[in-house]
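Right, one structure below, let's go through it.
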Amino acid sequence: MSTSDMFLKSVNKSAQCPFCGKLFDYIMYPEIHIPGDSKLKKKVLNKTLFFPKCPYCKEEIKLRASCMYCNENKKEMFIVTDSTDTELETMMKSGDIHFNDVLTDDAVAFMKGLYIRRVVHDVDAFREKILLSDNNYDDRIIELLKYSLSGLIARESHMPVYRIFLEETSGDQLKFTAIMGNHSPFEYMSIRSAAKVYTQYKNKYLDKLGRAEEDEYISTDQKWAARSGLLNDEDAGFVIPL
């Protein structure tokens, strides 16, 4: 039996539309395995897997999802979960992964030190991890770059950045979406950065980081970027040229 055959391929879920209040069913895919599930991966990247339309009012909804993405070719595992506790991170560090009611009861053994393992808590960040992998970007360097961008955007707009994520890569440009404000309704801002800035960050900071497979990078996000302290000694905390 192959690894992918051990798991449920899809589950039926119910959601309440935040726009019209009606309940509707949708199909959730709790695992994506590469190679094999390339179509599901494409749906994540083109924003159709976690963004169903309400059949009643036709509004698009962003789901709070639980899903595991495992790329055996690149030895990567990314998990999105709507839980904010640290139990999942602890399990990932031990190498035995269980999703309570989402995966089967079988444990998935991933050898520590061989897989890049990441936990995120929203589908935009989940998509970003896969997008970065496809384009051979180090997610830690991207988080540092985003941290700098957030500081610049907040300073220029006089608004806090609630969340920022990579939207797309095209040629020599990186396009980010920043969600602005402290609470809904949020404002959305599109920001572009030259891809060469990523290279500059990588050349400057990568040798100050450990191996991407190490346990300390499981929760690599903006909180991690702040805790790293790598930008603390930069002029005003920012190093991206405007």
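Looking at region 149-170, which of its residues are part of a strand (DSSP E or B), in contact with a strand residue (DSSP E or B) (Cβ under 6 Å, 6 or more places away or on another chain) and hydroxyl-bearing (Ser, Thr, Tyr)?
If the condition is that a residue be part of a strand (DSSP E or B), in contact with a strand residue (DSSP E or B) (Cβ under 6 Å, 6 or more places away or on another chain) and hydroxyl-bearing (Ser, Thr, Tyr), then 162 is the only one that fits.
Would you call residue 143 within 30 Å of residue 10 (Cβ to Cβ) and not basic (Lys, Arg)? Talk me through it step by step, then tell me what you get.
Working: within 30 Å of residue 10 (Cβ to Cβ): no; not basic (Lys, Arg): yes.
In short, no.
Determine which single condition residue 185 fails, assuming it passes every other condition in (1) of a type outside the set (Phe, Trp, Tyr); (2) under 21 Å from residue 223 (Cβ atoms); (3) surrounded by fewer than 19 Cβ atoms within 10 Å (Cβ to Cβ).
(2)
Consider only pairs whose beta carbons are under 8 Å apart and that are at least six residues apart or on different chains; among these, list those whose first residue lies in region 202-228 and is farther than 20 Å from residue 164 by Cβ and whose second residue is loosely packed, with under 15 Cβ neighbours inside 10 Å and small (Gly, Ala, Ser).
Listed pairs, sorted by first residue: 211/113; 213/113; 214/113; 216/210.
Might you check whether a residue that is surrounded by 14 or more Cβ atoms within 10 Å (Cβ to Cβ) and at pLDDT 85 or above occurs anywhere in region 80-88?
Within region 80-88, the subset surrounded by 14 or more Cβ atoms within 10 Å (Cβ to Cβ) is 80-81, 88.
Those left that are additionally at pLDDT 85 or above: 80-81.
For region 80-88, residues surrounded by 14 or more Cβ atoms within 10 Å (Cβ to Cβ) and at pLDDT 85 or above: present.
Applying the selection to region 1-17, what residues are closer than 12 Å to residue 52 by Cβ and either modelled with pLDDT under 85 or part of a loop (DSSP other than H, G, I, E, B) (or both)?
17 - this is the single residue of region 1-17 that is closer than 12 Å to residue 52 by Cβ and either modelled with pLDDT under 85 or part of a loop (DSSP other than H, G, I, E, B) (or both).
Could you please let me know if residue 175 is of a type in the set (Lys, Arg) and either part of a helix (DSSP H, G or I) or touching a residue at least 24 places away in the same chain (Cβ under 8 Å) (or both)?
Answer is no for this residue.
Being in contact with a Lys or Arg (Cβ under 8 Å, 6 or more places away or on another chain), assigned by TED's automatic domain parsing to the domain that holds residue 16 and of a type outside the set (Asp, Glu) narrows it down to one residue among 67, 57; which is it? Walk me through how you get there before you give the answer.
Values: 67 fails: in contact with a Lys or Arg (Cβ under 8 Å, 6 or more places away or on another chain).
Exactly one of 67, 57 is in contact with a Lys or Arg (Cβ under 8 Å, 6 or more places away or on another chain), assigned by TED's automatic domain parsing to the domain that holds residue 16 and of a type outside the set (Asp, Glu), namely 57.
Of the residues 102, 108, 44, which is at pLDDT 90 or above, of a type in the set (A, V, I, L, M, F, W, C) and surrounded by 13 or more Cβ atoms within 10 Å (Cβ to Cβ)?
Working: 102 fails: at pLDDT 90 or above; 108 fails: at pLDDT 90 or above.
Checking each option against the conditions leaves just 44.
Would you mind telling me which numbered condition in (1) farther than 30 Å from residue 113 by Cβ; (2) in contact with a strand residue (DSSP E or B) (Cβ under 8 Å, 6 or more places away or on another chain) residue 233 fails?
Failing condition for residue 233: (2).
The values are calculated or read from the model by the stated rules, or taken from the named source; none is laboratory data. Not measured: the values here are computed from a predicted model. Please note: Cβ atoms are built from the backbone with ideal geometry, for glycine as well, and neighbour counts cover all protein chains shown.
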